[in-house]
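*Asks:* Handing you this structure, nothing more for now.
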Amino acid sequence: MGNFTAKNSRHDPAEIEPASNRRRTSSNTKHMYNSCTMCLCSFGIQEERIPLECINSKCARLYCSQCVKFVQMHNGTTKRFRCMYCLLEYPLQKIPEENQTLIKQLWNSMSIKYGIRYTSHLLNKQLTENNMIDLWCDIECRRRHLINLISTLERFSRWAQIHQITNDTHIMAEKLLDIATRMKENPTENMHRCQSEYKEVISMSDQNNNQESNEIGSCYIRTCEHLLGDISDTEFYRAFTNTHAKMIEWNSALASSDQFQPQVADLFTAIETDLEEQWVNHRHGIVRAKIGIIGYTCVGKSTILNRLLGIEDLANEISSPVRSIKSTYYQLQFDRKEPLKSPNNLLKTTAVTLVDIQGHDKDVPTVDNQITPGNYLDEIRKADCDIYVLVFDEKLRYEQHGWITYIEETLKRQCILVRSKIDIDFLAKYRERSGLFYGSSTVAERNYHTSAILEQLRFDNQMESHRIYLTAADFMPASSDAETLLKTLSFDMKILIDELGHLACDARNRRIHSLAVRAIARVINVCFRRGYVLNVFNYKIGAGLAAIVPFGDQLPRYLARDHIRQAFGITKDFRQYLVQFRLSIDDGCLQTSTLENCVTATMMKTRGKNGSLGAAVGGAFMAGAPFSDDIIRVAAPTAVALTGGARIALTASTAVVGVVISAAVCAWSAVNSGKHIFSYVNRLCDDLILVSNPLVTALIDINSRKDDQAS
Ligand SMILES: [Zn+2]
Ligand SMILES: [Zn+2]
Ligand SMILES: [Zn+2]
């Protein structure tokens, strides 16, 4: 195996250097890509996302194991696997082989993502009674994370089948609870036994497995990644039922017919129906606006979270996030029972999910504001929220201004600033001004000072660019004075909730948009891109392939542009369908001329801070994005500039809930794509995904306007 290139970051083995530079790298350098050649999904450690490499060492293109399995299924026992890139026909029963280097890298990035280093540290050291609490917290933390993932999955799959994985996860969570409980009940119990039991529960002990998956935490990582994948799949199935049904139908048709069945018009009709249903009452809660709570640890994030969740009395809430003992390794999600109301129109409500994003330690700075796995900006990005609420209890630090900029400029999301623990400041000022304790002063005295103090507090906590909401922890007031104060004064909590109710509606629309584009991208990648290749290999080429010149200009009939357009169903009717929406697309993005006349090309312009719906897809390009949490990568001028002209792949993957958009270069960027036999299929698929972006925007506009009129 040749040298391994990882230009961008230590953790990202993806080859992302510009195509123009590629020629200059030495010939024994091996290029690797972070997405599947066939379906463009990104690789992962889950069984179906393992990277497999073409056995032709000159080719070495990577496939995800799901694609290979899919091809095998359709090939049966008699047909051979053929690489869609180098066209090599494999010996019977042989398939691409696991790429161990990449798998190792994937495991490395996973153990960073899930904080395994810290756990290993706890497991390997001699614990005293004093620091056993750390181990207990670690166990409890992982248990909560598992429970939270299960409940997220169960929310989506209430009507669908529950997987084996939920049972396995419950068992793991129960074992963790058992260890934690015993530790608490009997602190003098043999600590070593707890350590080894904990290690056993979260790690796999299968001797047949490769080395990586036997390491500490491997079982926990696998379980979490599996759950995340299932959550993402179920969300797709639940939120885009018709589109999902089409995908299933077309995938199974691929095996039984030499007719290529997927039709773009059917896909867009399905997505249109699915989008309409997002505004039907009983389906409203499926896609929710996500509000993320960020900030340093111990600044009162949990209190804000509970308040925003609408929890009135903590004693009755078992699932309340405030009980978390410390930051988690991954975000915890909580659905708000009641939808948020828009202050201008109380009939207009939005279902929201609140996300507790791992508290960031004040003492650990975000290194150079770089996006590397495991740092706070990365946590913020992965949480993939539509609105972020930054909670702080003193002056904003320099680093935190960086978070705000990152959220607003890079992620193109809104950032709301919340100053917590304001009651403490209020009471100090009160005492200063009046010389009295709040609790022991009269109503008249209180009234006399209150407005002046509030004014002073507003002055102390102001920022030119943002409104700062003043809040106080009214669940567990810090003193009896605070308790008295908070009975009459709730500061800005109500207007904060109103503001979120106001923003949530647009935020949900943006989320629906991202999910819809992702759904379309997935169907196009799986059914059209992969499907057509498979169809050609299975029915059109047969033994005749050897006769065609792989990279020549003379393509067989079924690879001619006309034929492909016809097969996809890009007809006059379909073009007219697109024209009616008056879609516009950034100039120079389309890679074929097929859809040119259906859309208006607009000159690139810098998008405003809060952007339109489209900005949700346009923004947030990160070439160094770690594996398995990128969902959609979209060709756009920004991204092209970023990689010096290399072609950006439009891909969709299924790694996490929600949508984060990032750019990556797939294997196809390395070839002069015009000369490959499947080049047109690929470029056309890219264009279809690209056009679906403004189309979904238009459809959402229509539906939400209808909804406005109705309410
Ligand atoms: Zn694939
Ligand atoms: Zn190959
Ligand atoms: Zn599953």
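*Asks:* Looking only at the stretch 41-87, count how many residues are within 31 Å of the chain's Cα centre (by Cα), in a loop (DSSP other than H, G, I, E, B), among the aliphatic types (A, V, I, L, M) and within 16 Å of ligand 2 (Cβ to nearest atom).
*Replies:* 2
*Asks:* I need every pair where a residue in the stretch 681-697 that is touching a residue at least 40 places away in the same chain (Cβ under 8 Å) has its Cβ under 7 Å from the Cβ of a residue that is assigned to a helix (DSSP H, G or I) and among the charged types (D, E, K, R), sequence separation at least 6 or different chains.
*Replies:* Once the first residue is touching a residue at least 40 places away in the same chain (Cβ under 8 Å) and sits in the stretch 681-697, its partners that are assigned to a helix (DSSP H, G or I) and among the charged types (D, E, K, R) give Val681/Arg529; Asn682/Arg529; Cys685/Arg529.
*Asks:* Can you give me the ranges of the helices (runs of 4 or more DSSP H) entirely in the stretch 379-481 with at least 1 residues that are surrounded by fewer than 20 Cβ atoms within 10 Å (Cβ to Cβ), aromatic (Phe, Trp, Tyr) and at pLDDT 90 or above?
*Replies:* On the way: elements: 398-405, 422-434, 443-460.
Answer list for the stretch 379-481: 443-460.
*Asks:* Of the conditions (1) surrounded by fewer than 23 Cβ atoms within 10 Å (Cβ to Cβ); (2) modelled with pLDDT of 80 or more, Leu555 satisfies every one except a single condition; which number is it?
*Replies:* With respect to (1) surrounded by fewer than 23 Cβ atoms within 10 Å (Cβ to Cβ); (2) modelled with pLDDT of 80 or more, Leu555 is out only on (2).
*Asks:* Another question about this same structure. Take the residues in the stretch 72-106 that are surrounded by 19 or more Cβ atoms within 10 Å (Cβ to Cβ) and under 30 Å from Cys137 (Cβ atoms), then tell me which one is nearest to ligand 3 (Cβ to nearest atom).
*Replies:* So the residue we want is Leu106.
*Asks:* If I ask for residues that are away from ligand 1 (no atom under 16 Å from the Cβ) and assigned to a strand (DSSP E or B), which ones from the stretch 88-99 would you list?
*Replies:* Once the filter is applied, which keeps residues that are away from ligand 1 (no atom under 16 Å from the Cβ) and assigned to a strand (DSSP E or B), the stretch 88-99 yields only Glu89.
*Asks:* Testing Ile112 on (1) in contact with a Leu (Cβ under 9 Å, 6 or more places away or on another chain); (2) modelled with pLDDT under 85; (3) in a helix (DSSP H, G or I), one condition comes back false. Which one is that?
*Replies:* Failing condition for Ile112: (1).
*Asks:* Would you pick out the residues in the stretch 576-594 that are more than 17 Å from Ile689 (Cβ to Cβ) and either among the charged types (D, E, K, R) or in a strand (DSSP E or B) (or both)?
*Replies:* Within the stretch 576-594, the subset more than 17 Å from Ile689 (Cβ to Cβ) is 576, 579-580, 582, 587.
Within the stretch 576-594, Arg582, Asp587 qualify.
*Asks:* Take the conditions of a type outside the set (Gly, Ala, Ser), in a helix (DSSP H, G or I) and either at pLDDT 85 or above or exposed (fewer than 13 other Cβ atoms within 10 Å of the Cβ) (or both) and apply them to Gln566. Does it pass? Quick ask: steps written out before the conclusion?
*Replies:* On the way: of a type outside the set (Gly, Ala, Ser): yes; in a helix (DSSP H, G or I): yes; either at pLDDT 85 or above or exposed (fewer than 13 other Cβ atoms within 10 Å of the Cβ) (or both): yes.
Criteria met by Gln566.
*Asks:* I would also like to ask the following. Kindly establish whether Ile179 is at pLDDT 80 or above and either within 30 Å of the chain's Cα centre (by Cα) or not assigned by TED's automatic domain parsing to the domain that holds Asp138 (or both).
*Replies:* Details: at pLDDT 80 or above: yes; either within 30 Å of the chain's Cα centre (by Cα) or not assigned by TED's automatic domain parsing to the domain that holds Asp138 (or both): no.
No, not satisfied.
*Asks:* Of Gly217, Gly229, which residue is under 23 Å from Lys382 (Cβ atoms), in contact (Cβ under 8 Å) with a residue 24 or more places away in the chain and within 16 Å of ligand 1 (Cβ to nearest atom)? If you could, list the steps in order and put the result at the bottom.
*Replies:* Numbers: Gly217 fails: within 16 Å of ligand 1 (Cβ to nearest atom).
Just a single option satisfies the conditions, and that option is Gly229.
*Asks:* Which residues, counting only those in the stretch 113-132, are more than 15 Å from Gly217 (Cβ to Cβ) and either within 16 Å of ligand 3 (Cβ to nearest atom) or buried (at least 16 other Cβ atoms within 10 Å of the Cβ) (or both)?
*Replies:* Of all residues in the stretch 113-132, those more than 15 Å from Gly217 (Cβ to Cβ) come to 125-132.
Within the stretch 113-132, Leu127, Met132 meet the criteria.
*Asks:* Taking the stretch 414-433, which residues are out of contact with any Pro (no Cβ under 8 Å at 6 or more places or on another chain) and touching a residue at least 60 places away in the same chain (Cβ under 8 Å)? Talk me through it step by step, then tell me what you get.
*Replies:* Just the residues of the stretch 414-433 that are out of contact with any Pro (no Cβ under 8 Å at 6 or more places or on another chain), to begin with: 414-422, 424-433.
Listed by number, the residues that qualify are Gln414, Ile416, Val418, Ser420, Lys421, Ile422, Phe426.
*Asks:* If you don't mind, there's one more thing I want to ask. Based on this model, can you work out whether Leu127 counts as away from ligand 2 (no atom under 16 Å from the Cβ), touching a residue at least 60 places away in the same chain (Cβ under 8 Å) and either closer than 30 Å to Met183 by Cα or within 28 Å of the chain's Cα centre (by Cα) (or both)?
*Replies:* Working: away from ligand 2 (no atom under 16 Å from the Cβ): yes; touching a residue at least 60 places away in the same chain (Cβ under 8 Å): yes; either closer than 30 Å to Met183 by Cα or within 28 Å of the chain's Cα centre (by Cα) (or both): yes.
So Leu127 fits the description; yes.
*Asks:* Scan (1) over 31 Å from the mean Cα position of the chain (by Cα); (2) within 16 Å of ligand 3 (Cβ to nearest atom); (3) of a type outside the set (Val, Ile, Thr) for the single condition Arg155 breaks and write down its number.
*Replies:* So the condition that Arg155 fails would be (1).
The values are calculated or read from the model by the stated rules, or taken from the named source; none is laboratory data. Please read all numbers here as calculations on a predicted model, not as lab measurements. Virtual Cβ from ideal backbone geometry, glycine too; neighbours counted across all protein chains shown.
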